[in-house]
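One structure is given below, encoded as structure tokens.
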Amino acid sequence: MTTHAMPDADTQATLKQNFDTVRQRLHAAAEQAGRSVDAIQLLAVSKTKPIEYVNAIAEQGQTCFGENYLQEALEKIEQRPDLTWHFIGPIQSNKTKSIAEQFDWVESVDRLKIARRLSSQRPPEKGHLNILLEVNISDQESKAGFAPEEVLDIAKEVQTLPNLTLRGLMTIPAPSDTLDAQRQPLAKMRALLAQLQQQLPDAQLDTLSMGMSGDLEAAVLEGSTEVRIGTDLFGARN
Ligand SMILES: *Cc1c(COP(=O)(O)O)cnc(C)c1O
């Protein structure tokens, strides 16, 4: 049996506490939404945090981890190839090869060119790479992602790529303070996925990745199937 490096006892206790609190929030939000908590996956966003933190959260039963920065991610994946890794950061086209080789999911596809490269660089023996299209739902100039109007045409193109499976949509909405304000863009995402499912009935469009530390509850109320939690699991980042 391999043993994994752990943080000090205090940090381990804090991480366990954080994990329990996030799971409780997920349970409460699912109950309020009248949904099964099993329909909502937790992605632990470990960017900037050391492998010891990943190991401590994995020990709580967590298997899916999200990373934004490729070099940092590759070092962690090498140590924990047994975990499921999602790439959620900005993608430079000269970095697609490692991403295609090392990850199980890519959630931040924001250009067709990137999807084409990921498909051609995915080693066939690894099976299909799961893809989400990132949507700029709040129409922020500073944010990556397709405009909602583009998504159907892009999805049709991505579906033709041989080594990818298009699984759904991801978004990072503009931040808002109140639950009602948070829900508005997330409701648009839910409608957009429903429209896509109707137009592409043969596709395996089962994933709506939305909800972060600050809007987990709003996202679950609006049908999120995957919340991406960094700060509230691992602590604040520098
Ligand atoms: C960092 C990040 C998260 C986690 O955000 P927190 O607010 O720390 O929970 C989620 N999604 C993406 C795409 C991120 O870059």
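The table below gives the values:
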| quantity | calculated |
| --- | --- |
| Check on Arg80, open to solvent by 50 Å² or more (accessible area, probe 1.4 Å) and either in contact (Cβ under 8 Å) with a residue 24 or more places away in the chain or over 17 Å from the mean Cα position of the chain (by Cα) (or both) | no |
| Which listed residue is within 13 Å of the ligand (Cβ to nearest atom) and under 22 Å from Glu67 (Cβ atoms), from Thr231, Thr165 | Thr231 |
| Close pairs from segment 88-101: first within 26 Å of Met212 (Cα to Cα) and free of Cβ contacts under 8 Å to residues at least 24 places away in the same chain, partner within 15 Å of the ligand (Cβ to nearest atom) and outside any helix (DSSP H, G or I), Cβ under 7 Å, at least 6 apart | Ile91/Ser108 |
| Selection from segment 123-178 of residues that are surrounded by fewer than 19 Cβ atoms within 10 Å (Cβ to Cβ), acidic (Asp, Glu), without any contact (Cβ under 8 Å) to a residue 40 or more places away in the chain and not in a loop (DSSP other than H, G, I, E, B) | Glu125, Glu149, Glu150, Asp153 |
| Filter result for the condition that a residue is within 16 Å of the ligand (Cβ to nearest atom), within 21 Å of Leu43 (Cβ to Cβ) and among the hydroxyl-bearing types (Ser, Thr, Tyr), over Ser142, Ser138, Ser176 | Ser138 |
| Qualifying positions in segment 48-77 - more than 21 Å from Asn130 (Cβ to Cβ), of a type outside the set (D, E, K, R), open to solvent by 10 Å² or more (accessible area, probe 1.4 Å) and part of a helix (DSSP H, G or I) | Ile51, Tyr53, Gln71 |
| Residue in segment 38-47 that is assigned to a helix (DSSP H, G or I) and either touching a Gly at 6+ places or on another chain (Cβ under 9 Å) or open to solvent by 20 Å² or more (accessible area, probe 1.4 Å) (or both) present | yes |
| Checklist (1) within 15 Å of the ligand (Cβ to nearest atom); (2) assigned to a loop (DSSP other than H, G, I, E, B); (3) in contact with a helix residue (DSSP H, G or I) (Cβ under 7 Å, 6 or more places away or on another chain); (4) aliphatic (A, V, I, L, M) applied to Leu205, failing item | (1) |
| Scan of segment 85-110 for residues that are within 27 Å of Leu186 (Cβ to Cβ) and surrounded by fewer than 16 Cβ atoms within 10 Å (Cβ to Cβ), ordered by number | Pro90 |
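The values are calculated or read from the model by the stated rules, or taken from the named source; none is laboratory data. Since we're looking at a predicted model, the values are computed, not measured. Here the Cβ is made from the backbone with ideal geometry for all residues, glycine too, and neighbour counts use every protein chain on show. These accessible areas exclude ligands, DNA and RNA; they are computed on the full protein's heavy atoms, side chains included. Shrake-Rupley method; radii C 1.70, N 1.55, O 1.52, S 1.80 Å.
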